[in-house]
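Visitor: Dropping the structure in here first, questions after.
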Amino acid sequence: MSKSIVVGYDGTAGGHHALDEALRVAKEIGGDIVITYAYDKILSGGELADLDAVVKERGNAILTEAEGLVAAAGLTSRTEFVEGRPAEVLVAVADACDARFIVIGSYGERPLKGAIVGSTPYKLIHLAERPVIVVRIPD
């Protein structure tokens, strides 16, 4: 198993907390960080194609920001912009690089809400075959 750490990052407070935790873990065990931005594409065509272009542009800017934060911490990273459902994308990226951990932020949904609504952390812990670190966002 590699020492790579896959982190779900979307530029939100949850993403920042997850990246901070991934940096902390990477400093302790070594290895690189795979910063992953997942976008569940809506149907394409017309105005939706314009939306996709904007999301891709924004996603790439967010990934560039995260790369800078990792570099400032003295660690190495690579980025992945993948179309698909976030939990499934994170599992696929982690499997592809045989990651040691997957790290994701959470706003602390109640378990029942997570099960019904289908929060990404809830789905991720059920799909992943490797450890998942869920970082709770302070209230």
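Visitor: Taking the stretch 65-86 on its own, how many of its residues are farther than 13 Å from S4 by Cβ and either touching a strand residue (DSSP E or B) at 6+ places or on another chain (Cβ under 8 Å) or not in a helix (DSSP H, G or I) (or both)?
Guide: 11
Visitor: From K41, K3, K27, grab the single residue that is touching a residue at least 24 places away in the same chain (Cβ under 8 Å), of a type in the set (K, R) and assigned to a helix (DSSP H, G or I).
Guide: K27 is the lone residue from the list that is touching a residue at least 24 places away in the same chain (Cβ under 8 Å), of a type in the set (K, R) and assigned to a helix (DSSP H, G or I).
Visitor: Output the number of residues of the stretch 129-139 satisfying the condition of being over 13 Å from the mean Cα position of the chain (by Cα) and open to solvent by less than 40 Å² (accessible area, probe 1.4 Å).
Guide: 2
Visitor: Continuing with this model, one more query. Please indicate, with yes or no, whether at least one residue in the stretch 72-82 is in contact with a Phe, Trp or Tyr (Cβ under 8 Å, 6 or more places away or on another chain), farther than 21 Å from V135 by Cβ and surrounded by 14 or more Cβ atoms within 10 Å (Cβ to Cβ).
Guide: yes
The values are calculated or read from the model by the stated rules, or taken from the named source; none is laboratory data. In this text, all values refer to a predicted model and were calculated from it rather than measured experimentally. Note that we place each Cβ from the backbone using ideal geometry, even for glycine, and neighbour counts take in every protein chain shown. Surface accessibility is based on the protein's heavy atoms, side chains included, excluding ligands, DNA and RNA. Shrake-Rupley method; radii C 1.70, N 1.55, O 1.52, S 1.80 Å.
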